[in-house]
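*Asks:* Here it is, the structure, as structure tokens.
The values are calculated or read from the model by the stated rules, or taken from the named source; none is laboratory data. Remember, predicted model here, so these are calculated numbers, not experimental data. Cβ: placed from backbone, ideal geometry, glycine included. Neighbour counts: every protein chain shown. Just the protein is used for accessible areas: all its heavy atoms, side chains included, with ligands, DNA and RNA removed. Shrake-Rupley method; radii C 1.70, N 1.55, O 1.52, S 1.80 Å.
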Amino acid sequence: MGRPFNIHPITDDSALGGSSIERSLRFNDGDNTRLTRTIGSTSNRRTFTYSWWLKRTMASAEQYVWYVGASSGTPYLDARFEANSHELQIQDYLGGSNRPIRFITNRKFRDASSWYHFVFAVDTTQGTNTDRAKLYVNGVQETSFSTETYPNQNYDSSANVSGYIQVWGTNQASTSNDLDSYLAEANFVDGQQLTPSSFGFTDPVTGIWMPKRYEGTYGTNGFYLDFSDNSSTAALGIDKSPNGNDFTASNF
């Protein structure tokens, strides 16, 4: 097992708004490492954005990256890597075969040496169905899916519901599908459907997708986790947005 902190290998370009990512947080599936918080009040269920940087360290089992859902287990919204086949799946699951939002990539995320940047941006108020949910990888919109289900207009997702549990590193109901990866720069923006340009840029010399600090607002339930404070385990879950939506860090 590696150390829980890792110096991120991406440097900054201040002229383009870039920033150095000083630390990532190591999630180890054998230790049931996780970050959790309970949503205090219902906010925008139709419009929101998740952004996160991730480097995989084990790729054989199904692994949850993030999860938000009812304490009973359903409904929920989650992002996970599929077992053995390594695709990314994001779905809003209501029970049975009812999945108003569901995407499974054709792309397989098997590279354990590289960092990936993911953005999942939702606005179900949009008139065109393909505009209501968008997935980006390293700054480019993902368009190749084996499963592709867009929500109905004005659909209220499982995000942002009072009393629901938000988790990074596993689902809330079990310990069998834990994440084994490095995670950095985890953002959730409540009330806006953003593009990757809010979180990164393409270096004009190398052509590499690079991080930059998000400078916008977060909304009621938004948060920003940069894992820069390692003074204690509790400090790992401190929300660096103005909201103070702190997470509880377990087993790091």
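*Asks:* Do you know which residues across segment 211-228 are open to solvent by 20 Å² or more (accessible area, probe 1.4 Å) and not in a loop (DSSP other than H, G, I, E, B)?
*Replies:* K212
*Asks:* Can you list the strands (runs of 3 or more DSSP E) lying wholly within segment 131-194 that have 3 or more residues being surrounded by 17 or more Cβ atoms within 10 Å (Cβ to Cβ)?
*Replies:* Qualifying strands (runs of 3 or more DSSP E): 133-137, 165-168, 181-190.
*Asks:* Here are the criteria: (1) at negative phi; (2) more than 17 Å from the chain's Cα centre (by Cα). Tell me which single one V137 does not satisfy.
*Replies:* (2)
*Asks:* Against the definition (within 29 Å of S162 (Cβ to Cβ) and either modelled with pLDDT under 95 or surrounded by 18 or more Cβ atoms within 10 Å (Cβ to Cβ) (or both)), how does D246 come out, yes or no? Talk me through it step by step, then tell me what you get.
*Replies:* Working: within 29 Å of S162 (Cβ to Cβ): yes; either modelled with pLDDT under 95 or surrounded by 18 or more Cβ atoms within 10 Å (Cβ to Cβ) (or both): no.
No; evaluated as a whole, the condition is false for this residue.
*Asks:* Filter segment 68-84 for residues that are surrounded by 14 or more Cβ atoms within 10 Å (Cβ to Cβ) and without any contact (Cβ under 8 Å) to a residue 24 or more places away in the chain and give the result.
*Replies:* Matches in segment 68-84: E82 only.
*Asks:* While we're looking at this one, here's another question. Taking segment 76-107 as the search range and keeping residues that are part of a loop (DSSP other than H, G, I, E, B) and modelled with pLDDT of 95 or more, which one is nearest to the chain's Cα centre (by Cα)?
*Replies:* Applying the first criterion (part of a loop (DSSP other than H, G, I, E, B)) to segment 76-107 yields 82-87, 94, 96-97, 99-100, 106-107.
Within this subset, residues satisfying the condition of being modelled with pLDDT of 95 or more are 87, 94, 99-100, 106-107.
Numbers: E87: 15, L94: 20, R99: 19, P100: 19, N106: 19, R107: 17 Å.
Restricting to residues being part of a loop (DSSP other than H, G, I, E, B) and modelled with pLDDT of 95 or more, the top hit is E87.
*Asks:* Give segment 229-252 a look and list any residue that's assigned to a strand (DSSP E or B) and among the hydroxyl-bearing types (S, T, Y), or say none.
*Replies:* Going residue by residue through segment 229-252, those that are assigned to a strand (DSSP E or B) are 248-250.
If the condition is that a residue be assigned to a strand (DSSP E or B) and among the hydroxyl-bearing types (S, T, Y), then T248, S250 are the ones that fit.
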